[in-house]
There are 2 protein chains.
Amino acid sequence: MSTSIFYHAGCPVCVSAEHEIIELIGADNLEIIHLGEDKSRIVEAENTGVKSVPALVTPSGHVLHINFGASIAEVRG
Amino acid sequence: MSTSIFYHAGCPVCVSAEHEIIELIGADNLEIIHLGEDKSRIVEAENTGVKSVPALVTPSGHVLHINFGASIAEVRG
C-alpha cells in the first residue's frame, strides 16, 4: 500500500482521529504532519485541497476531511 | 482487522469517499450501508453518533465523519 498523509494540528479531534486512522490503515502506511509545528507544510496541504484538520490525503491524492478540528486559517494563526 | 461500517446515501461525495475507504482499508474489512435504501438502519447509525454521511464507524465504535454529503435529517427525508 502506498503512503497516505495525515495532516493535523494537535487538537483533541485530531489526536482522536489520528489514533483511529493508525488503527485502520497502519502507521507504516502514514506520513503524519503536525501543521502547527511545521508551518512550512501548510501551503502544500492547501494546494492538495486540505481545508481543515484533521485530514487524510490518500495515495491517489484525494482529500478526506475527517470530523472537524480546525480550519487551515486557524492553524496558520 | 475487525469490520468497520461505512454509512452513505449514494451522493457523489459518498461514492468518492467509499472508493477511497475501500482502497485504504479493503472491502473485506467493511460493511457498507446505504441509508437511503435501508432506512431501518438510520436509528442505529444515529445511536452510534453518525450525524452526516459519508461516515465510517471504526471497530472501536468511533465515528469518523468524512467530508460532507448530507445530514442524517436529509437522508431521512
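Ranked from largest to smallest solvent-accessible area, with a 1.4 Å probe on the protein heavy atoms, A:HIS8, A:HIS62, B:HIS19 come out as B:HIS19, A:HIS62, A:HIS8. For chain B, the dipole from Cβ point charges (+1 on Lys and Arg, -1 on Asp and Glu) about the Cα centre works out to 260 debye, to the nearest 20.
For the stretch A:56-70, a drop of 30 Å² or more in accessible area on going from the chain alone to the assembled protein chains (1.4 Å probe) is found at A:HIS62, A:LEU64, A:HIS65, A:ILE66, A:ASN67. Counted by Cβ distance under 15 Å from B:ARG76, the other residues give a net charge of -2, where Lys and Arg count +1 and Asp and Glu count -1.
For the stretch B:1-26, a decrease in accessible area of 20 Å² or greater in the assembled protein chains relative to the isolated chain, with a 1.4 Å probe, applies to B:MET1, B:GLU20, B:LEU24, B:ILE25.
Using only Cα atoms, what Kirkwood radius does the stretch B:4-76 have, in angstroms? For the stretch B:4-76, inverting the mean 1/r across all distinct Cα pairs yields 11.8 Å. Could you identify which residue out of B:ALA27, B:ALA55, B:ALA17 has the top mean-square fluctuation in a GNM of chain B using Cα springs shorter than 10 Å? With Cα springs under 10 Å in chain B, the top fluctuation among B:ALA27, B:ALA55, B:ALA17 is at B:ALA27.
Given springs between every Cα pair under 10 Å in a Gaussian network model of chain A, which of A:ASN67, A:ASN29, A:ASN47 has the largest fluctuation? Looking only at A:ASN67, A:ASN29, A:ASN47, the largest GNM fluctuation is found for A:ASN47.
For the protein assembly as shown, DSSP calls about 65 percent of its internal beta bridges antiparallel. Solvent exposure of chain B amounts to 48 Å² per residue of accessible area, where only protein heavy atoms count and the probe is 1.4 Å. For chain A, the share of accessible area belonging to carbon and sulfur comes to 52 percent (1.4 Å probe, ligands and nucleic acids excluded).
The Cα center of the stretch B:47-77 and the Cα center of the stretch A:53-69 differ in position by 16 Å. Per residue, the protein assembly as shown reaches -9500 deg cm²/dmol at 222 nm when only DSSP H runs of four or more residues are counted, each adding -39500 (n - 2.57).
Can you find, among B:GLY49, B:VAL63, B:GLY10, the residue sitting farthest towards the positive end of the charge dipole of chain B, where Lys and Arg contribute +1 and Asp and Glu -1 at Cβ? The residue sitting most towards the positive pole is B:GLY49.
Using a 1.4 angstrom probe on protein heavy atoms only, the contact between A and B buries about 1400 square angstrom of accessible area, both sides summed.
Plugging the Kirkwood radius over Cα pairs into Stokes-Einstein for the protein assembly as shown, at a temperature of 4 °C and a viscosity of 1.567 mPa s, what D comes out in µm²/s? D = 83 µm²/s. A straight Cα-to-Cα reach below 23 Å connects B:LYS39 with the lysines B:LYS51, residues fewer than 8 places away in its own chain not being considered.
The values are calculated or read from the model by the stated rules, or taken from the named source; none is laboratory data. Everything numeric in this text was worked out from a predicted model, so none of it was measured. So basically every Cβ, Gly included, is an ideal-geometry build from the backbone, and we count neighbours across all protein chains shown. When the accessible area is computed, the model is the full protein with side chains, heavy atoms only, and any ligands, DNA or RNA have been set aside. Shrake-Rupley method; radii C 1.70, N 1.55, O 1.52, S 1.80 Å.
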